[in-house]
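Structure first, commentary second.
The values are calculated or read from the model by the stated rules, or taken from the named source; none is laboratory data. Computed from a predicted model, the values in this text were never measured in an experiment. Note that we place each Cβ from the backbone using ideal geometry, even for glycine, and neighbour counts take in every protein chain shown. Side chains are part of the model used for accessible areas, which takes the heavy atoms of the whole protein and leaves out ligands, DNA and RNA. Shrake-Rupley method; radii C 1.70, N 1.55, O 1.52, S 1.80 Å.
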Amino acid sequence: MNIIEGIMTRTSIRKFTGELIDEKQLDIILRAGFQAPTAHNFQPWEFVVVQDRDILQEIKDFHKYAKMIVDAGTAIIVCGDTDKQNRRGFLVSDTSAAIQNMLLAAHGLGLGAVWCGIYDREEFVENTKRVLKLPENILPIGIVVVGNKVEGRTPTDRYDEEKIHYNRW
Ligand SMILES: Cc1cc2nc3c(=O)[nH]c(=O)nc-3n(C[C@H](O)[C@H](O)[C@H](O)COP(=O)(O)O)c2cc1C
């Protein structure tokens, strides 16, 4: 799959077979995260890989939009280090770029994945910090939920000419 095809055909996948992704696939997805652009090249990200079913269940218990997390079997909680990037906007931008890279890598590997947001829902942030025992300077931003998909989805074309502005609004 080339990069344009990958971008155009990625969709969120929320139904999983329950079969765990393999180590090599996980390694490629993580490496894709590290290749994202970051402001000042600070690379302020940290990745917490969760495959422990009890911990996945604990996340599912507080995150009402991540009910697929246990079936998927793998969750990568993408966090930002506030000591490395103190501008909150840049921290969110950098980690979001990493999340998107990982979603595309998962898609390229034929896996299913979905981005589950954490920041800036206060209760999701606090519960994630508690469950994962994150240090004070580590802010959880989002989860890449990834697994073997039951079936693919047909992407919709969202191109909208009216939202494109040339030179001035
Ligand atoms: C910041 C952010 C947070 C999201 N949080 C969730 C979530 O908690 N649960 C979920 O199932 N999908 C979540 N999504 C996925 C969106 O629902 C999905 O990307 C959107 O519906 C478009 O569908 P597509 O990804 O198939 O193109 C999130 C996406 C973003 C960018």
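Output the number of residues of the stretch 62-88 satisfying the condition of being outside any loop (DSSP other than H, G, I, E, B), open to solvent by 40 Å² or more (accessible area, probe 1.4 Å) and away from the ligand (no atom under 14 Å from the Cβ). Please lay out each step first, then the result.
The first filter runs over the stretch 62-88 and keeps only residues outside any loop (DSSP other than H, G, I, E, B), leaving 62, 69-72, 74-81, 88.
Then keep just the ones that are open to solvent by 40 Å² or more (accessible area, probe 1.4 Å); that gives 71, 88.
Checking the rest, the ones that are also away from the ligand (no atom under 14 Å from the Cβ) come to 88.
Total satisfying the criteria: 1.
Among the residues of the stretch 23-31, are any part of a loop (DSSP other than H, G, I, E, B) and touching a residue at least 12 places away in the same chain (Cβ under 8 Å)? If you could, list the steps in order and put the result at the bottom.
So in the stretch 23-31, the residues part of a loop (DSSP other than H, G, I, E, B) come out as none.
So far as the stretch 23-31 goes, no, none of its residues is part of a loop (DSSP other than H, G, I, E, B) and touching a residue at least 12 places away in the same chain (Cβ under 8 Å).
Checking T38 against (1) farther than 14 Å from I143 by Cα; (2) modelled with pLDDT of 95 or more; (3) open to solvent by 30 Å² or more (accessible area, probe 1.4 Å): exactly one of these is not met. Which one?
Only one criterion is unmet by T38, namely (3).
Mind counting the residues in the stretch 1-35 that are open to solvent by less than 60 Å² (accessible area, probe 1.4 Å) and within 16 Å of the ligand (Cβ to nearest atom)?
Filtering the stretch 1-35 for residues open to solvent by less than 60 Å² (accessible area, probe 1.4 Å) gives 6, 9-13, 16, 18, 21, 25-27, 29-30, 32-33.
Now restrict to residues that are within 16 Å of the ligand (Cβ to nearest atom): 6, 9-13, 16, 33.
Total satisfying the criteria: 8.
If I filter the stretch 109-129 down to residues being more than 15 Å from the chain's Cα centre (by Cα) and open to solvent by 50 Å² or more (accessible area, probe 1.4 Å), which single residue comes out as farthest from D81 (Cα to Cα)?
Looking at residues that are more than 15 Å from the chain's Cα centre (by Cα) and open to solvent by 50 Å² or more (accessible area, probe 1.4 Å), I get L109.
Is one or more of the residues making up the stretch 36-46 small (G, A, S), more than 16 Å from the ligand (Cβ to nearest atom) and more than 30 Å from T156 (Cα to Cα)? Before the answer, list the steps.
Start the filter on the stretch 36-46 by keeping residues that are small (G, A, S), which leaves 36, 39.
Add one more test, that the residue is more than 16 Å from the ligand (Cβ to nearest atom), and what stays is 39.
This time we only want the ones that are more than 30 Å from T156 (Cα to Cα), so: 39.
Within the stretch 36-46 (the criterion being small (G, A, S), more than 16 Å from the ligand (Cβ to nearest atom) and more than 30 Å from T156 (Cα to Cα)), the answer is yes, since at least one residue qualifies.
Is it the case that some residue within the stretch 141-149 is assigned to a loop (DSSP other than H, G, I, E, B), over 28 Å from L91 (Cβ atoms), in contact (Cβ under 8 Å) with a residue 60 or more places away in the chain and not basic (K, R)?
If we filter the stretch 141-149 for residues that are assigned to a loop (DSSP other than H, G, I, E, B), which is where we start, we get 148.
Restricting the remaining residues to those that are over 28 Å from L91 (Cβ atoms) gives 148.
Keeping just the survivors that are in contact (Cβ under 8 Å) with a residue 60 or more places away in the chain gives 148.
With the extra rule that they be not basic (K, R), the set shrinks to 148.
There is at least one residue in the stretch 141-149 that is assigned to a loop (DSSP other than H, G, I, E, B), over 28 Å from L91 (Cβ atoms), in contact (Cβ under 8 Å) with a residue 60 or more places away in the chain and not basic (K, R).
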